[in-house]
1. Once both labels are modelled 7 Å past Cα along the beta-carbon direction, what's the THR325-ASN345 spacing in nm?
2. Could you size up the charge dipole of the chain around its Cα centre, putting +1 on the beta carbon of Lys and Arg and -1 on that of Asp and Glu, and report it in debye to the nearest 20?
3. Grab the Cα-Cα distance for LYS129 and ASP337, subtract it from 0.36 nm times how many residues apart they are, and report the gain in nm with one decimal.
4. Taking a virtual spin label 7 Å from the Cα of LYS108 along the C-beta vector, which residues in the stretch 66-87 bring their backbone nitrogen under 12 Å of it?
5. Which angle from 0 to 90°, rounded to the nearest 10, does the C-alpha axis of helix 165-175 make with the longest principal axis of the chain?
6. Please report, in debye to the nearest 20, how large the charge dipole of the stretch 300-371 is about its Cα centre when each Lys and Arg carries +1 at its beta carbon and each Asp and Glu carries -1 there.
7. What GluC sites (Glu not before Pro) in the stretch 271-369 are in a loop by DSSP, with at most 16 other Cβ atoms within 10 Å of the Cβ?
8. For the chain, what does the helix formula give at 222 nm: sum of -39500 (n - 2.57) over DSSP H segments with n ≥ 4, over the residue count, nearest 500 deg cm²/dmol?
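The values are calculated or read from the model by the stated rules, or taken from the named source; none is laboratory data. Keep in mind it's a predicted model, so treat the numbers as computed, not measured. Ideal geometry is used to build each Cβ from the backbone, glycine not excepted, and the neighbour counts take in all protein chains shown. The area values use the complete protein model at the heavy-atom level, side chains included, leaving out ligands, DNA and RNA. Shrake-Rupley method; radii C 1.70, N 1.55, O 1.52, S 1.80 Å.
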Amino acid sequence: MEKFLVEGGVRLAGEVTIGGAKNAVVAIIPATILAKGRSIIENVPNISDVSILLKMLTEMGASVNFINKTTVEIDTTHITNPVVSYELARHLRASYYFLGALIGRCHKASVSMPGGCHFGVRPIDQHIKGFESLGAEVNIDHGMINAKVRESLTGSHIYFDVVSVGATINVMLAAVRAKGLTVLENAAKEPHIVDLANFLNTMGADVRGAGTDVIKVHGVDIMHGANYTIIPDQIEAGTYMIAAAATFGDVLVKNVIPKHMESVTNKLIKTGAFVTEFDDSIRVCRSDKIEPTTIKTMPHPGFPTDMQPQITAMLTMAGGTSVITEGVWDNRFRYVDELARLGANIQVDGKVAVVQGVPLLTGAPVKATDLRAGAALLIAAFMAKGATEIEDIYHIERGYENVMDKFLNLGAAFKRIEAPDTELPAAAL
Ligand code: EPU
């Protein structure tokens with residue numbers, strides 16, 4: 001078991017370059033199987049979620065070859081085994097995107113119920129509703145989600161009861177190969193949905209309206225492999241922006257799309273940070289105290305739930321009381337107990353956290369409870385006086401490429417240490 005040992009009290013400064021978007025690439029890798037052919041994907045982040053999805057592809061019969069560190073060639077000519085096993089699916093939520101893609105290509109799929117971060121119940125009813133509406137029969141048996149198209153995959157009008165990133169992506173993946181028109185209403189609008197639609201269109205699909213709440217998909221018979229560059233990771237960028245603001249630092253965050261960062265930028269400015277936008281980079285610095293604020297997470301373009309733990313970490317040292325409302329997940333405050341070990345004063349009542357700023361955090365042993373919680377603990381550890389040991393860092397490395405090197409380049413003081421196994425790691429979620 002590895003841990004991070006962080007020496008806090010450092011002001012982060014310098015430049016950091018953001019990698020490709022995790023939540024886009026985890027949809028685009030499964031999408032490659034919609035064509036029989038070769039795709040080349042660039043700006044692929046070096047994270048464990050990507051390695052696992054590529055392993056799933058090879059188990060299905062595809063061939064995968066890294067041309068360089070961030071460019072992967074995927075040949076999906078031969079897909080012989082439309083199955084994703086529990087062994088791999090338990091690691092990440094996005095493994096279920098193979099359902100939509102396999103339904104589109106093979107008219108059948110068998111994917112183990114996926115893992116992913118624990119934020120309370122994570123239903124998949126909207127995915128199933130969408131697949132059934134397109135003509136697939138879906139059942140869950142012994143932990144496997146099995147789908148089969150008995151007659152034909154046919155376009156349909158689907159209204160999602162909740163705004164769901166996963167359901168929008170999954171149903172879009174199947175619909176691109178259905179006969180006729182599919183209309184997805186109340187669709188999610190995140191940048192990675194637009195990125196997936198752009199990739200699908202480059203492969204010969206006909207998807208319109210991605211980025212709005214109505215997406216129209218005209219099904220096509222044939223798709224082909226494509227060359228594509230993944231967009232920069234909005235959440236990785238936001239994490240470095242908040243880390244800069246939290247440590248009274250001065251960081252230029254490069255390779256970002258400033259438009260995607262607007263909700264985070266606005267909140268940082270509200271807390272007294274200085275944020276300057278350039279064409280494809282953003283500079284964040286702070287010289288004055290952290291002002292408290294009010295935040296409610298919402299689907300895009302609202303403040304992203306995936307930035308909620310990181311900004312809460314920063315607000316633990318604000319000069320007053322902040323109120324954070326989680327508007328997407330039922331239970332995304334599990335990490336608060338870990339921040340409390342560092343001296344944070346946070347009261348949680350259901351989906352609302354009240355953060356009373358304290359003058360000082362002090363280092364302590366803590367545990368990452370999920371990916372973004374891990375990022376929040378890193379930020380808090382940089383702010384704290386003394387040493388913090390962060391356990392279960394595999395959560396962080398699921399979604400942040402070269403996280404240690406990137407923060408070391410900004411002046412952070414930390415290292416990876418081997419810790420004796422005191423217990424078996426729970427499934428990497
Ligand atoms: N929901 C349903 N039924 C469904 C699907 C979702 O009720 O069939 C509900 C969920 O319970 C939740 C809400 O809808 O309350 C939104 O869930 P959504 O489906 O949008 O989330 P997701 O697709 O499972 C993705 C990201 C998450 C991010 C959320 C929200 C990926 C791989 N994951 O999850 O990212 O928090 O959207 O933006 O894209 C992360 O990167 O750390 C992460 C957790």
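1. The answer from the label model is 2.4 nm.
2. So the dipole magnitude of the chain works out to roughly 360 debye.
3. On the way: separation 208, 0.36 × 208 = 74.88 nm, distance 3.67 nm.
That works out to 71.2 nm of additional length.
4. What the label zone holds, given the 12 Å backbone N cut-off, is 81-83.
5. Compared with the principal axis, the helix lies near 20 degrees.
6. Working: 5 positive and 7 negative charges, 27 e Å.
That gives the stretch 300-371 a dipole magnitude of about 140 debye.
7. none
8. -8500 deg cm²/dmol
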